[in-house]
Amino acid sequence: MLLRSLVNEVVSRRMWPIPLVAVLIAIAAPLIFMKSGGETPASLAPPPIATPGELPESAAVLTSNKDKDAASGKRNTGKARDPFEPAVKPKKPATEAAAAAAAPAPAAAGTSGNPVPVVIQNSDGSSSTMSVPSGRKTATAPKGSTPKKSSTTKLTSTRKPKKTAPATSTSTQTSTYVDVRFGERKDTYLRYRVPRLQTFRAGGRIAAMFVRYSAKRRVAVFAVAPSTIVKGDVRCREVKGVCRYVDLPAGSYARVVLKDLNGKLISRRLDVVSVRKVRGAEDPAPREQPLDTATCLLRSLLRLTPGVTSITSDACA
């Protein structure tokens, strides 16, 4: 009943072509698939299998050509050459090998009797060839060309190295000092190791200044003002008629008389007790002024004219 009512409903609504097409498809589909599966395309057929001992025609052609080349000693260098074939150098005949062994070695360039061709590369890109006779080691470039320098050419300098003066070692350098007593009377306290340009003051002025020790005359040289009066074991040494220096050997003394800042005459005794040579550089102590200031004081003292009193210690301050 249900099937009949369904059929009546389809017929009344004119939908019967749809189930009819569906039934036809259901019946025809298996038949179509069975027909296509039963046939095997020629393109999907497996390649023919060669029987043992036989090769395909293409392979047989390659093998026959290769065997022919190997038998004749030739190598196939064309497009059909096997890229995986190793390069084999052809063997020289026995006669050629014996002739090469018996031939003498070629002579070195420039040492044989025959001329040697030399190619010279010019700066403009051109090249010229010339022959060098035996015995020559260098070739002269033709006029107008500039041969390139070899990268292995070594340039040797003919300039002699400058000789440098050897550095003075402090171990061989010696400095000379004097031990001095300076005061109003004899046997005052000893000033030990007095360096160069050390000043001795009295009454606010410089009474004397130690300049240096003269090894040639073996005296200690002191600079004084021209107006200073010198008494004792030595006399004032004059320069151009003006009193400038007092030279005292070890163990002697001099008494210097000068005016103080108030214009009063004062007297001091200057004794050189001993001369001392010490290895090494000079020690500035106990110099009271720096070296440049002490040098300025010495110049000022030596520039004084006769009758002018001595300078003070702060004249170059």
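The values are calculated or read from the model by the stated rules, or taken from the named source; none is laboratory data. Keep in mind that this is a model prediction, so the values were computed, not measured. We place every Cβ from the backbone using ideal geometry, glycine too, and count neighbours over all the protein chains shown.
A compact table of results
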quantity	calculated
Residue check, Asp247 in contact with a strand residue (DSSP E or B) (Cβ under 7 Å, 6 or more places away or on another chain), crowded, with 18+ Cβ neighbours inside 10 Å and modelled with pLDDT of 90 or more	yes
Condition met for Arg276 (among the basic types (Lys, Arg) and within 21 Å of Arg181 (Cβ to Cβ))	yes
Residue in segment 276-295 that is without any contact (Cβ under 8 Å) to a residue 40 or more places away in the chain and not in a loop (DSSP other than H, G, I, E, B) present	yes
Residue check, Ala254 within 18 Å of Arg201 (Cβ to Cβ), in contact with a strand residue (DSSP E or B) (Cβ under 8 Å, 6 or more places away or on another chain), free of Cβ contacts under 8 Å to residues at least 60 places away in the same chain and outside any loop (DSSP other than H, G, I, E, B)	yes
Residue in segment 263-275 that is aliphatic (A, V, I, L, M), part of a loop (DSSP other than H, G, I, E, B) and out of contact with any helix residue (DSSP H, G or I) (no Cβ under 9 Å at 6 or more places or on another chain) present	no
Residue match in segment 152-172 (condition: touching a Phe, Trp or Tyr at 6+ places or on another chain (Cβ under 7 Å), at pLDDT below 95 and not acidic (Asp, Glu))	no
